[in-house]
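Peer 1: Here it is: the structure, laid out below.
Bear in mind these aren't lab numbers, they're just calculated from the coordinates by the rules spelled out. The structure presented is a predicted model; accordingly, all values stated were derived computationally and were not measured. Here the Cβ is made from the backbone with ideal geometry for all residues, glycine too, and neighbour counts use every protein chain on show.
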Amino acid sequence: MMMLLIARLTLQEAVRRKLVWAVLALSAVFVLLYVYGFQIVVDDFEAFNDQRGGEPREFLPREVQMSIMVMLGLWTVNFLAGVMTIFAAVGAISSEIEAGTLHVIVTKPLNRFEIIAGKYLGFLTMIVIYMSLMVGSVVATSYFVADYVPPNILDGLGLMILVSTILLSLTMLGSTIFSTMANGVVVFMLYGMALTGGLVEQIGTGIDNDTMVRIGVASSVLVPSDSMWKLASYKVQPAIAVSLTGPNPFGTFVPPSDFAVRYAIFYCLAVVLVSMAVFQRRDL
Amino acid sequence: MSSTTEAPVPQPTPRAEAEQPAIEARGLQKAFGDLVAVDDLTITVGQGEVYGFLGPNGAGKSTTVKILTGLIRPTAGEARLLGRKLGDRRTKREIGYLPELFRFHDWLTANEFLDVHGRLAGMTRSQRQQRIPEALQLVGLTGRGDDRLRTFSKGMQQRAGLAQALLHNPKLIFLDEPTSALDPIGRRIVRDVIRELSAAGTTIFLNSHLLSEVELVSDRVAILNRGVVVAEGRLDELRPQGFAVSLRLDGWSDERRDVVMRLATIDSLEQLADDLAALTVTVPDEATIAELVAGLVGVGARVYEVTPRKETLEDLFVNLVDQADGMDLKVSTQGQADTP
C-alpha cells in the first residue's frame with residue numbers, strides 16, 4: 001500500500017526532523033506547570049474550607065471549580081494542538097513541491113491522491129496520539145490532584161481530535177493550492193476567524209443579539225473547528241458547571257447538535273477530496 | 001536542416017510492445033500563459049537508444065521531460081511512452097527519472113532513500129536487498145549507504161539520485177542535466193553508467209546544455225531552441241560534412257594547386273612569405289588527408305604542418321541556435337514574436 005508508505009514517511013520525517021521531540025518536550029513543560037497550578041488551586045480550596053470550619057459554603061461548588069481547571073487545561077491543549085497541526089502540515093505538499101522532493105515520488109507508479117491520503121493519515125496519526133497523551137495528562141492530573149474525573153471525557157477527546165482534523169484538512173487543501181508561506185497565513189486567518197466567530201456567537205447568545213449569533217453560525221459553517229470545541233467543552237463539564245458559568249470562551253450552554261458533528265466529519269472528507277482533485281491536476 | 005519526421009508519422013503498429021518506440025511525441029505544446037515553453041514537439045525515440053536532448057538554458061528541455069514523466073500536462077499534442085499513453089501506471093513502473101533540481105528527503109540515509117523509492121517503484125524486499133548495493137556501487141557510493149543524504153555533497157546527492165533512477169531496472173530513463181553538480185570524476189561515472197545501461201538495452205533520454213556530455217554517449221540528438229526542435233538526427237548526420245585541414249607548405253605554385261584541387265576544396269590560402277604558405281582545405285574524409293600530403297610531396301613540396309580541424313557539434317549547435325534566434329528577431333520586428 002503506497003498510502004501507508006507515504007504515511008510512514010510523514011511520521012518518520014516528523015521524528016527525524018526533531019519536530020516530535022520538540023513538541024513533546026514543550027508539552028511536558030506545560031503538563032508540569034498544569035499539575036503545579038492545579039495543586040495550588042486544590043490547596044487554596046481546602047484552606048478556604050478549613051477556615052470555615054469544614055462548612056462548605058463556597059463561592060462555587062468544588063465540582064465546578066475543578067471542572068473550570070480541567071476546562072482551562074483542555075482549552076490550552078486544544079488551542080496548542082490546533083496551532084501545531086497547522087504548523088506541521090502547512091507545507092505538506094507545497095514545501096515538497098518547492099524543494100522538488102515530490103518530483104521523484106509523483107513519477108513513481110502511484111496515484112497522486114495516494115500521496116495526499118498518505119500524508120493525511122500520517123498527520124492524523126500524530127494528532128490522535130498527541131491528543132490522547134495530552135487529554136490523558138489533563139484528566140490524570142485532575143484525578144490524582146483533585147480526585148475529580150470530568151464526564152464524557154472520551155467523547156470530548158474524540159471531538160477535540162475532530163477539531164484538529166478540521167484544521168489539518170484545511171491546511172492540506174491550502175498546501176496543494178498555495179505556497180507554504182501563503183498557506184500559513186490563510187489557514188491561520190481562518191483559524192482566527194473561527195475562534196473569533198465562536199466568541200461573537202457566545203456574546204450574541206449572552207446579550208440576545210441575533211446578528212452576532214448568525215455571524216458565529218456562518219463562521220462555524222465555513223470552519224467548524226470552534227463549534228466542535230464548544231461541543232467537546234459542553235460534554236466534559238458537569239451540568240451544574242455549565243449552568244453556573246454561563247457562556248464563555250471555554251464553553252457554552254447551547255451545544256451544537258449531532259448534525260453539526262456529522263457536518264464537521266463530512267466537511268473534513270470533502271476538503272480532503274477537493275485537495276486530492278486540486279493536486280491531481282496541478283503542474284509540478 | 002530539419003531531419004525531423006516530416007513524412008507520414010509512423011503509425012503505432014500492433015506488434016509486440018518491444019517493437020514500440022520508447023518515446024513517441026506528437027505536436028506537444030506547453031504554454032504557461034503567454035509563454036510557450038515547448039511548441040509542436042514531435043520526436044520518436046527508439047528502444048535502446050541514447051537520445052541527447054540539447055539546448056541552451058531555458059529552451060524547454062526540462063519542460064519536455066516533465067511532460068513526458070507526467071509532472072505537468074501538455075496544453076496540446078500527445079505522447080506515448082513504451083507504446084502506452086502518458087500517465088499509465090504500468091509505464092510509470094518502467095521509467096526512471098533524475099530531475100534537474102534534484103532534492104530528496106535528506107533526513108533519510110542513502111539506503112533508506114533507495115529502499116523507499118524501490119518500494120514506490122514496486123520492487124519486492126528481496127529485489128531491493130539485492131539491487132540497492134548494486135546501484136550504490138554503480139554510482140560510486142559504496143560504503144556510504146548508512147549515511148544520511150544531508151551529509152552528502154551536492155555531487156554525491158546527484159549520484160544518489162541517479163541510483164534512484166536506475167534502481168528498479170527501468171526500460172526508459174530520463175536524466176535531466178545529470179552532471180550539473182559533478183566534478184570531472186563524477187561526470188565520468190555518469191558517462192560510464194549511461195554506457196552500461198545502454199549496453200543493457202535501456203533507453204536513455206539525456207537532457208543537457210553541455211554538448212561535450214551528450215556527444216560522447218548519444219546515438220541521436222535533438223537540438224531545442226526556444227521550445228522548438230531546430231535539428232534532429234544521428235550525430236554523424238548532424239555533424240558538418242567533411243574535415244577541415246590546415247596546412248603549411250614551403251611556398252605555393254599552380255602545380256601544387258592542381259594537386260590540392262583534385263582532392264579537396266580550398267577554403268583559404270595565405271602566402272605568408274616567399275617560402276611559406278598557409279592554407280585551409282576541406283576533404284571528404286580522413287583518408288584523403290594522407291593522399292593529399294603524399295600528392296604534395298610528390299610534386300616537391302615540403303609539408304611543415306597538417307592539422308585536421310574537426311568541426312564539433314558545438315559549432316553546429318551555436319550556428320543553429322544563432323540562426324533560430326536571428327529568425328526570431330526578424331519575426332519579432334514585424335510584430336508579435338511568435339515562434340513558427
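Peer 1: Starting from one equal scatterer on each C-alpha and no solvent at all, send me the Debye-based log10 I(q)/I(0) for chain A at q = 0.13, 0.17 Å⁻¹, two decimals.
Peer 2: The computed values of log10 I(q)/I(0) come out as -0.90, -1.32.
Peer 1: Have a look at B:Glu19, B:Glu94, B:Glu305 and tell me which one the Gaussian network model of chain B (Cα, springs below 10 Å) gives the largest fluctuation.
Peer 2: It is B:Glu305.
Peer 1: Quick one: helix B:313-334 against the long Cα principal axis of chain B, what's the angle to the nearest 10°, folded into 0 to 90?
Peer 2: The angle comes out near 80 degrees.
Peer 1: Right, another one. Is the stretch A:103-228 best put as rounded, prolate or oblate by its Cα gyration tensor, with a ≥ b ≥ c the root eigenvalues, rounded for a/c under 1.5, and otherwise prolate when a/b is larger than b/c, oblate when not?
Peer 2: oblate
Peer 1: On average, how many beta carbons from a partner chain sit within 10 Å of the beta carbon of a residue in A:105-117?
Peer 2: Neighbouring Cβ atoms belonging to other protein chains average 5 per residue here.
Peer 1: How far is helix A:180-207 tilted, in degrees, relative to the longest principal axis of the Cα atoms in chain A, given as a value from 0 to 90 rounded to the nearest 10?
Peer 2: Roughly 30 degrees, rounded to the nearest 10.
Peer 1: Would you mind checking the tilt of helix B:286-298 against the longest principal axis of the Cα atoms of chain B, expressed as 0 to 90 degrees and rounded to 10?
Peer 2: Result, in degrees: 20.
Peer 1: Can you compute 3J(HN,Hα) from phi for each residue in the stretch A:141-152, using the Karplus curve 6.51 cos²θ - 1.76 cosθ + 1.60 with θ = phi - 60°, rounded to whole Hz and x for Gly and Pro?
Peer 2: 4, 4, 5, 7, 7, 10, 6, 10, 10, x, x, 6
Peer 1: Say we join alpha carbon atoms closer than 10 Å with springs in a Gaussian network model of chain A; which of A:Gly197, A:Gly91, A:Gly136 then has the biggest fluctuation?
Peer 2: A:Gly136
Peer 1: Report D for the stretch A:33-136 in µm² per second (integer): Stokes-Einstein, Kirkwood Rh on Cα pairs, 10 °C, 1.306 mPa s.
Peer 2: In µm²/s, the coefficient is 90.
Peer 1: Another question, if that's okay. What do you get for Rg/Rh over chain B if you use C-alpha atoms and the Kirkwood form of Rh?
Peer 2: 1.08
Peer 1: Whose amide H sits under 5 Å from the amide H of B:Gln47, counting only residues 5 or more places off or on another chain, with H placed in the peptide plane?
Peer 2: Counting only residues 5 or more places away or on other chains, the set is B:Ala22.
Peer 1: Moving on. With springs only between Cα atoms under 10 Å, which of B:Leu98, B:Leu167, B:Leu247 fluctuates most in a Gaussian network model of chain B?
Peer 2: So, out of B:Leu98, B:Leu167, B:Leu247, the one fluctuating most is B:Leu247.
Peer 1: So how far, in whole Å, is the C-alpha centre of the stretch B:103-117 from the one of the stretch A:147-209?
Peer 2: Taking the Cα centre of the stretch A:147-209 as reference, the centre of the stretch B:103-117 is 35 Å away.
Peer 1: Enumerate the calculated ³J(HN,Hα) couplings along the stretch A:97-102 in order (Karplus 6.51 cos²θ - 1.76 cosθ + 1.60, θ = phi - 60°), each rounded to whole Hz, writing x wherever the residue is Gly or Pro.
Peer 2: 6, 4, 6, x, 6, 7
Peer 1: Taking amide H positions as placed in the peptide plane 1.01 Å from N, state which residues far from B:Ala31 in sequence (5 or more) or on other chains have amide H under 5 Å from it.
Peer 2: Amide H neighbours of B:Ala31, under 5 Å, 5+ apart: B:Ala37, B:Thr75.
Peer 1: Okay, next question. Could you state the principal axis extents of the C-alpha atoms in the stretch B:243-309, from the largest down, to the nearest angstrom?
Peer 2: Here the Cα extents, ordered largest to smallest, are 30, 22, 18 Å.
Peer 1: Dividing the convex hull volume of the Cα atoms of the stretch B:196-291 by its residue count, what figure in Å³ per residue is obtained?
Peer 2: 158 Å³
Peer 1: What percent does the relative contact order of chain B come to when contacts are Cα pairs within less than 8 Å and at least six residues apart?
Peer 2: 18 percent
Peer 1: Anything over 22 Å Cα to Cα? Flag those among A:Lys119/B:Lys61; A:Lys108/B:Lys66; A:Lys18/A:Lys108; B:Lys30/B:Lys85; A:Lys18/B:Lys66; A:Lys108/B:Lys85, in the order listed.
Peer 2: A:Lys119/B:Lys61; A:Lys18/A:Lys108; A:Lys18/B:Lys66
Peer 1: Calculate the mean, over all residues of peptide A:202-213, of how many other protein chain Cβ atoms lie within 10 angstrom of the residue's Cβ.
Peer 2: Per residue, the number of nearby Cβ atoms from other chains is 0 on average.
Peer 1: Related question: Can you give the three extents of the C-alpha atoms in the protein assembly as shown along their principal axes, from longest to shortest, in whole Å?
Peer 2: Cα spread of the protein assembly as shown along its principal axes, largest to smallest: 136, 56, 55 Å.
Peer 1: What are the residues whose amide H is under 5 Å from the amide H of B:Ala231, where those residues sit 5 or more places off or on another chain and H is modelled from the backbone?
Peer 2: It is B:Ile223, by chain and number.
Peer 1: Whole-Hz ³J(HN,Hα) for each residue in the stretch A:116-132, computed from phi via Karplus 6.51 cos²θ - 1.76 cosθ + 1.60 with θ = phi - 60°, x for glycine and proline: what do you get?
Peer 2: For the stretch A:116-132, the Karplus-derived couplings read 4, 4, x, 5, 4, 4, x, 5, 4, 4, 4, 4, 4, 5, 5, 4, 4 Hz, x marking Gly and Pro.
Peer 1: Could you give the radius of gyration (one decimal) and Dmax (whole number) of the Cα atoms in the stretch B:19-120, in Å?
Peer 2: Cα only, the stretch B:19-120: 15.1, 44 Å (Rg, Dmax).
Peer 1: Using just the Cα positions, wrap the stretch B:137-208 in a convex hull and report its mean projected area in square nanometres, one decimal place.
Peer 2: The number I arrive at for the stretch B:137-208 is 4.6 nm².
Peer 1: Need one word for the stretch B:52-185: rounded, prolate or oblate. Basis is the Cα gyration tensor (sqrt eigenvalues a ≥ b ≥ c); a/c below 1.5 gives rounded, then a/b vs b/c decides.
Peer 2: oblate
Peer 1: Moving on. May I ask you to give the average projected area over all directions of the convex hull of the Cα atoms of the stretch A:69-116, in nm² rounded to one decimal?
Peer 2: The Cα convex hull of the stretch A:69-116, projected and averaged over all directions, gives 4.1 nm².
Peer 1: What average number of partner chain Cβ atoms lie no more than 10 Å from the Cβ of the residues making up B:99-109?
Peer 2: The shielding value for this peptide is 5.
Peer 1: With a/c under 1.5 counting as rounded, go ahead and sort the stretch B:143-183 into rounded, prolate or oblate using the C-alpha gyration tensor (a ≥ b ≥ c being the square roots of the eigenvalues; past the cut-off, prolate if a/b is larger than b/c, else oblate).
Peer 2: Oblate shape, in that a/c is at least 1.5 and b/c is the bigger or equal ratio.
Peer 1: Among B:59-70, A:29-40, how do they line up from the highest to the lowest mean number of other beta-carbon atoms within 10 Å?
Peer 2: Ranking, from highest mean packing down: B:59-70, A:29-40.
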